[in-house]
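Novice: Sharing a structure with you now.
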Amino acid sequence: MKKIIALITTLTALLMLASSCQDRKTYVDYLKDESRAIDLFISKHNLNILDAFPEDGQFGDNDFYKDENTGVYFNIIDVGDITQNLQWKEEVYVRFRGLQYIMTDDTTTYTNFKSVFPEEIVFVGPVNSTTKANYSTPGWVVPLAYVGHNGKAKMIIPFDMGSSYDKSQYQPTYYDLVLYKFESHY
């Protein structure tokens with residue numbers, strides 16, 4: 001009798017363990033969910049995804065370019081002062097508004113415009129597979145190749161190019177405005 005009870009208990013535990021493992025999402029599942037959510041966001045907001053970066057650098061209000069290396073979508077609102085190139089190890093101060101988490105029901109938009117301290121990036125080079133870990137939000141660096149001091153962009157950032165919070169929650173984000181201020185211009 002004890003053997004039968006032990007066998008039933010073991011089988012029940014194995015069935016519970018097997019069913020709980022099936023409910024876990026894999027990284028690939030999160031990537032698929034993210035891709036669907038970004039596509040839905042693009043469709044819902046009638047965004048036009050450009051095949052190539054505009055030769056003249058001018059974007060329409062709903063035009064976005066998707067960077068092939070990072071998956072970051074961006075729209076340059078204003079190039080800012082491009083008379084000086086961004087210097088290696090220069091600090092870039094980032095302010096943003098209209099931050100939305102795309103894959104949640106949260107309709108709150110976030111900003112750091114009223115914060116005493118902006119986010120800071122120490123520029124060490126363009127974002128690629130070797131440098132993206134050097135930044136708090138690697139996606140913010142992508143438009144820096146196209147903007148100068150006081151440059152402004154709109155962005156859709158996949159979670160793997162977002163902040164540590166975005167990565168841990170598998171949350172892609174949309175920024176209605178990202179403002180860049182270069183230290184050398186202060």
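Coordinate-derived values only; no laboratory data. Quick caveat, the model's predicted, so the values are computed rather than measured. FYI the Cβ positions are ideal-geometry reconstructions off the backbone, even for glycines, and counts take in every protein chain you see.
Novice: Modelled label-to-label distance, residue 176 and residue 145, 7 Å Cα→beta-carbon offset: nm?
Specialist: Placing both labels 7 Å along Cα→Cβ, they lie 2.9 nm apart.
Novice: May I ask which of 114/152; 32/152; 44/181; 32/66; 32/114; 44/154 have a Cα-Cα span longer than 28 Å here?
Specialist: 32/152; 44/181; 32/114
Novice: On to the next question. Give me the number: length gained by fully extending residue 32 to residue 112, i.e. 0.36 nm times residue separation minus the C-alpha to C-alpha distance, one decimal in nm.
Specialist: Gain in length upon complete extension: 25.8 nm.
Novice: Please list the non-local residues whose amide H lies under 5 Å from the amide H of residue 63, H modeled 1.01 Å from N, same-chain partners needing a gap of 5 or more.
Specialist: Excluding prolines and chain starts, which carry no amide H, the hits are 48.
Novice: Taking the Cα-to-Cβ direction at residue 66 and at residue 39 and moving 7 Å from each Cα, how far apart do the two end points lie in nm?
Specialist: 0.9 nm
Novice: Can you compute the radius of gyration and Dmax for segment 81-127, using only the Cα atoms, both in Å?
Specialist: 14.5, 42
Novice: Mind listing the phi-derived Karplus ³J(HN,Hα) values for segment 39-45, rounded to whole Hz, using 6.51, -1.76 and 1.60 with θ = phi - 60°, and x for any glycine or proline?
Specialist: 4, 5, 4, 4, 5, 4, 9
Novice: Could you work out how far the C-alpha centroid of segment 53-87 sits from that of segment 147-186, in angstrom?
Specialist: 13 Å
Novice: Using the basic label-point model (7 angstrom from Cα toward the beta carbon), what is the residue 85 to residue 165 distance in nanometres?
Specialist: Here the answer is 3.6 nm between the modelled labels.
Novice: D for segment 26-185, whole µm²/s, Stokes-Einstein with Kirkwood Rh over alpha-carbon pairs at 4 °C and 1.567 mPa s: what number?
Specialist: The calculation lands on 81 µm²/s.
Novice: Mind checking the dipole of segment 38-171: about its Cα centre, +1 per Lys or Arg Cβ, -1 per Asp or Glu Cβ, Debye to the nearest 20?
Specialist: Value, rounded to 20: 360 debye.
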